[in-house]
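Asker: Next up is a structure, given as structure tokens.
The values are calculated or read from the model by the stated rules, or taken from the named source; none is laboratory data. Every value quoted in this text rests on a predicted model; they were computed, and no experiment measured them. Here Cβ is always computed from backbone atoms with ideal geometry, including for glycine, and neighbour counts include all displayed protein chains.
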Amino acid sequence: MKLQVAMDVATLEEALTLSRQVADHVDIIELGTPLIKHEGIAAVSAIKAAHPEKEVFADMKTADAGELEAGIAFVAGADYVTVMGAADDDTIRGAVKSAQEHGKQIVADMITVKDRAARARAVTELGVAFCEIHAGLDEQAQEGYSIQTVIDDGKASGVPFSIAGGVDIDSIRDVQAAGATVAVAGGSIRNADDPAAAAKELRGAITS
Ligand SMILES: O=C([C@H](O)CO)[C@H](O)[C@H](O)COP(=O)(O)O
């Protein structure tokens, strides 16, 4: 299982600081949607230039114009681009077409999708590389939230998936046991007193 750090920070300066702290311990470096909105797509190029040996994930959360938006991010240097799983099938097809043209990959973000497992199977048929079974930051803040819900939905999907929704040292083993391809960790790394140590601990909990 790969480890992905999600950089939900506002500025490129903060992102470069964080990425340099944790790069040794992660496989994929994600530029969070707020970062891309604030700094623009050039931030993707800057992170790729700083970490050419790492896979770079642009969390575009595209909801329309899939081919155009994915192309913009791939040209900037992204290896993975997200499209909303809730988007129109044609939006997803367009993003996949762009990925094929660039030799890169599309990930479908299942945030807000009610039946995440069923939609994951459907968008996999459309050609996405894998589905991010995801509870967003606002859902995580709701009373009674448990990451187990996304872990269970990923396992039930029967297709390749990542898990995002507050992955931390207490849950990462369950994420791997469920069969995830990638574990996405944002807050548990970013908010740690020592982000490098937190990333290293997460990496150490992954068995292969
Ligand atoms: O995609 C994310 C969210 O929508 C804000 O951009 C996060 O990167 C994702 O949820 C992972 O972060 P944590 O949930 O804090 O681990």
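Asker: Here is a check on your reading of the model: is Ala164 buried (at least 24 other Cβ atoms within 10 Å of the Cβ), at pLDDT 95 or above and over 11 Å from the mean Cα position of the chain (by Cα)?
Answerer: Values: buried (at least 24 other Cβ atoms within 10 Å of the Cβ): yes; at pLDDT 95 or above: yes; over 11 Å from the mean Cα position of the chain (by Cα): no.
No.
Asker: Separate question: I'd like to verify a number: residues in the range 47-68 that are within 18 Å of the chain's Cα centre (by Cα) and within 20 Å of Thr11 (Cβ to Cβ), how many?
Answerer: The number of residues fulfilling the criteria is 10.
Asker: Still on this structure: Note down all Cβ pairs under 8 Å where the first residue falls in the range 38-53 and is basic (Lys, Arg), the second is surrounded by 18 or more Cβ atoms within 10 Å (Cβ to Cβ) and modelled with pLDDT of 95 or more, and they're at least six residues apart or on different chains.
Answerer: That search, which allows pairs on different chains as well, returns Lys48/Val56; Lys48/Ala76; Lys48/Gly77; Lys48/Ala78.
Asker: Could you list all residues from the range 111-153 that are within 18 Å of Ile92 (Cα to Cα) and in a helix (DSSP H, G or I)?
Answerer: Result: Arg116, Ala117, Ala118, Arg119, Ala120, Arg121, Ala122, Val123, Thr124, Glu125.
Asker: Need pairs with beta-carbon distance below 7 Å; first residue farther than 18 Å from Glu14 by Cβ and away from the ligand (no atom under 14 Å from the Cβ) and within the range 187-206, second at pLDDT 95 or above and among the polar types (S, T, N, Q); sequence gap 6+ or separate chains.
Answerer: Going by the 7 Å Cβ cut-off, the qualifying pairs are Ile206/Gln176.
Asker: Considering only the range 1-46, state which residues are under 16 Å from Val81 (Cα atoms), in a helix (DSSP H, G or I) and within 14 Å of the ligand (Cβ to nearest atom).
Answerer: Scanning the range 1-46 gives Thr33, Pro34, Leu35, Ile36, Lys37, Ala43.
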